[in-house]
Structure formats: structure tokens, C-alpha cells
1. Reported to two decimal places, what Rg/Rh ratio describes the stretch 201-316 when computed on Cα atoms with Rh from the Kirkwood expression?
2. For the stretch 69-204, divide the Cα radius of gyration by the Kirkwood radius and give the resulting Rg/Rh value with two decimals.
3. Can you tell me the 0 to 90 degree angle between the C-alpha axis of helix 221-234 and the longest principal axis of the chain, rounded to 10?
4. Give me the angle, in degrees from 0 to 90, between the Cα long axis of helix 338-348 and the longest principal axis of the Cα atoms of the chain, rounded to the nearest 10.
5. For a quick check: sort 128, 258 by the number of other beta carbons within 10 angstrom, fewest at the front.
6. In whole Å, what is the distance between the alpha-carbon centres of the stretch 144-178 and the stretch 47-111?
7. Report the full-extension gain for the segment residue 162 to residue 66: residue separation times 0.36 nm, less the Cα-Cα distance, to one decimal in nm.
8. Any idea what % of Cα-Cα pairs in the stretch 172-218 are farther than 14 Å?
């Protein structure tokens, strides 16, 4: 039987970020993932300069042979209304392909990798976790996304959770499709649903196009998706049939999750902990930062992984993400009757000030947040 100090279940940005920090401190760490990498991952796929800094990525080195699309502006609107373009005059975000990004982070993290192997069995014996009857570890970290098996072990019941459901597609356009696509790579387009319970996006990354829509109301998702795709085609923005069906996924937002993120010799990070930003649904930055915070908490225990020793991780999560999820606009929106909310949203989303300073700066770019250290 193989053994390690820390076993991380899930090789996405949360797991690889945590592993890299633990390995840098000398802890023997294994990452277990059911997929082989590189793997397809359903995700809009953009990161802010803060993420690049936190991960200590050299943009020039990363862009060699990979997609790193600078984003300097956005087009925003409520579906069916006039669009507003906000130009920052500089790169405020970058488009990436999760197929490349996750593999890059995983390969450089320094952990031992057990890929293409799902977590089939999980038990505890003599103060250690036994996974699949083959690996034993003193500490278990769940980083396997919304349906993480470690989260289920801690009592998460996905059937009773309020999750955001999304459908999207990413594909490489052929020359004819490129000619029939008016979306600019430096300018992603965001379209909010009239009831403000979700939004659609259209995002070009070089020759790749990503189209998707997510909603807090999963039952109406197919209707909104079909209408959104039809509108893109009729407007000439994406004047061709999509080459394949959209794929679905789900994620939890921080203010909605009831998951227990800490237990004896176990904790959850990233989407497994339900940390996506409530306004945008973005999960990459919260995943990475939760992985770094988890590593900080783990290293601060001096090898004693009892629940009370790991409790600092929960406190750090609340401090880091609790305030960022509570802006004046979202607090007001939760209290207004739906008809009033829709009327107010129509007016606000039609103004340049609200589109830039609230929708983009606060909800999507989180430019108002203080610096992160872990």
C-alpha cells in the first residue's frame, strides 16, 4: 500500500494550488483524479491578473503554445435591450482554456499524480484514511467539484442543495465559422436574463468560441439556453449552427452552501466547498484561493489534523469570501419584489455607470477587493 501525508481528491485549480504549496513546504502529497489530463472541462474560462499573480505564472511563458486571450473591454446588456460597451484600455482579465490551464497547474505542482482513477472506497483505520484499499494518508482534502465524493462523505446531499445550473460549449472554429462570428476576442459579451436569475455569455479566445448560460432556476434553463442561442444566430453574432450540443454542469455559490468544509483529518476546497462568487458564478479564483488557504491551515497544525486544529481554515474562508459576496446591489436585489427588481434591472443595466462600476468592477472583476495573501 502506498502512503502519503496528504491525499487530495481532485486535480483542478483548487487541488493543484493546494498541492503546490504543501509540496513547497516538504509535505508528501498525492493527487487522485478520475480523469486523465489534459481533460475537457466545462467552464467559461477567464482569469484576472490577480489569479496570475497568486499562482506566480509568467504570462509570456504560459502563452507559449497555450491560449491566453487579453480582455480589455466587455459588452453587457439585459437580453433584448441595447448593449453597452465598456473599454478599460488595458488587460483586466484573460481568457484561458481549462483543457490547457488545469493541466499546466497540475503538472507543475510537484505532487505525485494518480490519474484516471476514481475514488471507489473510503475508510478510516488507525488514524489514517484508506482510499481504494491502495493509498493511505493522514489527511484527506476534497477538491472534486460539486459532486466531490469526499463532500458526500462529510454529509453533502446534492439533491437538497440550491445550485446554479449551466450549459455551455467550447469549440475551435473553422475558417467559415470564423467569418460568421462577429464576437471579438478582447470583448466578451454578457447578457443578463430579464429576471436577473442568470446570464448568458459569448466569449472568443483566438479561434476558440465559448458560449453558455447559467441560472439559479434550473427548471427554466433549457428554455433560456435555446432562446439565447437563437438570438445569437439571428443577430449575426454567431451566424451558424453550433457543432455539438451544450454540456451541463452545476456549482454552489458561497452564500447558499450549507456544506461542512472541515472535519477530523479532512477538509473541502474549491467547488467541493461551494465557493463560487454569487453574482458571476466564477469559481476559478475562489478555488485557487481556497486551496492556498487550506494549505496555510494545514501547515499551521504541525501535523495535528484534528477538526479543532483545522478550524482556522473555515474562519479564513468566512473572512475572505463572506464580505465579497455581500454588496449593496445584491442586498437590495434580494429584498425587492420580482416585478420591481426587473424594472430596476432594466434601467440600471442600461446605464454606463452601473455596467462598469457594479456589474464589471464588482461582480466580475472584483476590483474592489483588498489584496489576498496566504
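Read-outs: derived from the displayed coordinates by stated rules, not from any lab. What you see is a predicted model; the values in this text were computed from it and never measured. Note that we place each Cβ from the backbone using ideal geometry, even for glycine, and neighbour counts take in every protein chain shown.
1. Ratio of gyration radius to Kirkwood radius for the stretch 201-316: 1.14.
2. 1.10
3. 50 degrees
4. The angle comes out near 70 degrees.
5. Values: 128 18, 258 12.
In order of increasing Cβ crowding within 10 Å: 258, 128.
6. Going from one Cα centre to the other spans 20 Å.
7. Details: separation 96, 0.36 × 96 = 34.56 nm, distance 3.51 nm.
Once the chain is fully extended between residue 162 and residue 66, it gains 31.0 nm.
8. Values: 557 of 1081 pairs.
It works out to 52 percent of all Cα pairs.
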